[in-house]
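Quick notes on the structure that follows.
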Amino acid sequence: MIVGIGVDVVLVTRFTQQLKKAPALRERLFVPAERPLTVRSLAARFAAKEAVAKALGAPAGMNWQDCQVVLDSRGAPQVEVTGTVAEVARARGVVRWHLSLSHDGDVATAMVVAEGKG
């Protein structure tokens with residue numbers, strides 16, 4: 001059963017400008033393992049975090065660092081949630097995440113499906 005879906009698009013040049021304008025943003029949005037990645041990869045990961053929030057109904061109070069993109073043993077991106085995001089996901093019955101990331105030119109895109117039991 002699908003609990004929710006989310007999609008987000010990030011313009012890489014705009015995201016780059018935001019990170020230059022507010023360097024602390026990198027630390028606020030990303031966990032230490034994500035921070036050294038290229039801006040293009042960070043833009044896709046930010047899109048994934050936004051898509052996760054949308055799949056959960058965008059509730060207030062979720063911490064950006066409680067959602068991250070990790071790579072599985074084959075190198076495929078996976079959503080990993082902890083803390084505030086995991087609490088909301090549990091409350092909504094999410095048992096599994098599906099994630100697709102894409103880049104094309106100056107655009108990074110993420111699509112998320114939150115799956116529940118059923």
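This table checks each residue for (1) closer than 18 Å to G105 by Cα; (2) not β-branched (V, I, T).
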{"position": "V12", "(1), (2)": "yes, no"}
{"position": "K20", "(1), (2)": "no, yes"}
{"position": "L42", "(1), (2)": "yes, yes"}
{"position": "A47", "(1), (2)": "yes, yes"}
{"position": "A51", "(1), (2)": "no, yes"}
{"position": "A55", "(1), (2)": "no, yes"}
{"position": "C67", "(1), (2)": "no, yes"}
| query | Could you list, in sequence order, the residues of the range 61-85 that are of a type in the set (A, V, I, L, M, F, W, C), more than 19 Å from G116 (Cα to Cα) and buried (at least 17 other Cβ atoms within 10 Å of the Cβ)? | reply | M62, W64, V69
| task | Please find, among E34, E115, the residue that is closer than 25 Å to V12 by Cβ, touching a residue at least 12 places away in the same chain (Cβ under 8 Å) and surrounded by 14 or more Cβ atoms within 10 Å (Cβ to Cβ). | result | E34
| note | Selection over the range 37-52 where residues are surrounded by fewer than 20 Cβ atoms within 10 Å (Cβ to Cβ) and among the small types (G, A, S) yields a count of 1
| request: Pick out the one residue from A58, A48 that is under 16 Å from V112 (Cβ atoms) and modelled with pLDDT under 95. | output: A58
| field | Of all residues making up the range 42-75, the number that are free of Cβ contacts under 8 Å to residues at least 12 places away in the same chain and of a type in the set (S, T, N, Q) | value | 1
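The values are calculated or read from the model by the stated rules, or taken from the named source; none is laboratory data. From a predicted model like this one, the values you see are computed outputs, not experimental measurements. Positions of Cβ are generated from backbone atoms using ideal geometry, with glycine treated the same way; all protein chains shown enter the neighbour counts.
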